[in-house]
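Notes follow once the structure below has been shown.
What follows is calculated from the coordinates using simple rules that are stated; it is not laboratory data. Please read these numbers as outputs of a predicted model, since none were measured by experiment. FYI the Cβ positions are ideal-geometry reconstructions off the backbone, even for glycines, and counts take in every protein chain you see.
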């Protein structure tokens, strides 16, 4: 099992290019199940989660070829499978995204229940209730979702909460349903908008993506398309925080400002200078970080996937800050590890109260989930001495060559076999 070793205290300077979005790639790969022909996708990040979704699709008899860089070809013309087994789904909850497309295209699906998660339960009841409204019969047996239909029909669906994967699953299913579907209280994340754009390129009729009401007029057939994945806004935010915790000066290429307003505003409030440039942003740190309060919210609010990273910044800020987590009930697991590095953090329910300290000190720490992994690497960059981050397989799920990119900016960081 790999670990990452960091000798902190180096100022990060230089350029970094952000990879394609993990959270956009996964539903777009799943959408290939809906279309006949060869989908051509560019800018796909090299991640463990992408490899996992590829295995799920190959099990469904989708033909997948990987080209140079981030190019992929996906062909589901001869789709004959309908099952996503436990041994694949257990490693990545986003595998549930094949449920909607399979029911729409093959009229049946057998998908393993994803189970729990280190950062919260993430129930999928909204996915299933929505599919039932579209005309699918759903049964839960022996840890599997069994879904079948004689044909999906449009329906009005109002989500209790704006779930991202739920919105995406139902949008894909409705694309091949007969009649019009309206999804109310839909998730508004850029990745939802991206999926709608891809589906429309395939021949779907979707409007309203990016707002709370999405309308889908079903069509009988979708055809393959070509598309380039948007930049990963969470990776970009992570590098912005890296500049902040190291008093660095980083030119971040392939960064979409329109998707990052909440993060950029909070970092500027904390005293970090962020300048918009044609191909991204320049981020300049400040030795005197100001404390700011943060509350995670659905988009366009502050993303829960950036909560752990900005917490690291607040551990070395001047004064008291409060971070409120409203999306997941168990997303402060990294707090105990940050305390090992000298952070002063008190957790009260869904709030973390942080008293900034003059500096962190290196220590052996253990990653518990994807974003916690990134936060511990950031803490190691800011700390005095050596930090060892173990269980970094979490990191590989969502960051493409993170330690290599940081090393190119001047960090003393390396990956070693534990």
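Using alpha carbon coordinates only, what is the Rg to Rh ratio of the chain, with Rh defined as the Kirkwood radius?
Ratio of gyration radius to Kirkwood radius: 0.98.
Which value in nm describes the separation of the simple spin-label points at residue 90 and residue 257, placed 7 Å from the Cα toward the beta carbon?
Rounded to a tenth, the inter-label distance reads 4.7 nm.
Rounded to the nearest 500, what is the chain's calculated 222 nm mean residue ellipticity when only DSSP H runs of at least 4 contribute -39500 (n - 2.57) each, over all residues?
-9000 deg cm²/dmol
Which of the peptides 193-200, 278-285, 104-111 is most tightly packed, and how do the rest follow, judged by the mean count of other Cβ atoms within 10 Å per residue?
In decreasing order of mean packing, 193-200, 278-285, 104-111 become 193-200, 104-111, 278-285.
Against the globular-protein guess of 2.2 N^0.38 Å, express the Cα radius of gyration of region 1-118 as a ratio, rounded to two decimals.
In units of the 2.2 N^0.38 Å rule of thumb, it is 1.25.
If you average 1/r across every pair of different Cα atoms in region 188-241 and take the reciprocal, what Kirkwood value do you get, in Å?
12.6
I'd like to compare 384-391, 17-24: which one has the highest average count of other Cβ atoms within 10 Å, and what's the full order after that?
Result, highest mean first: 17-24, 384-391.
Expected output is a single nm value to one decimal: the length gained when fully extending between residue 205 and residue 404, i.e. 0.36 nm times separation in residues minus the C-alpha distance. What is it?
Stretched fully, the residue 205-residue 404 segment lengthens by 67.5 nm.
Once a ≥ b ≥ c are taken as the square roots of the eigenvalues of the Cα gyration tensor of region 80-195, is the result rounded (a/c under 1.5), prolate (a/b larger than b/c) or oblate (a/b not larger than b/c)?
oblate
Under the rule a/c < 1.5 gives rounded, and otherwise a/b versus b/c splits prolate from oblate, where does region 132-175 land using the Cα gyration tensor?
Oblate.
Using packing as a proxy for protection, rank 367-379, 406-418 so that the peptide with the highest average count of other Cβ atoms within 10 Å comes first.
367-379, 406-418
Rounded, prolate or oblate: pick one for region 22-226, where a ≥ b ≥ c are the square roots of the eigenvalues of its C-alpha gyration tensor, a/c under 1.5 means rounded, and failing that, prolate if a/b is larger than b/c, else oblate.
It is rounded, given that a/c, with a ≥ b ≥ c, falls under 1.5.
Nearest 0.05, what FRET efficiency do residue 17 and residue 355 give at R0 = 45 Å with Cβ-Cβ as r?
0.80
Rounded to the nearest 5, what is the percent of antiparallel bridges among the DSSP beta bridges in region 297-401?
70
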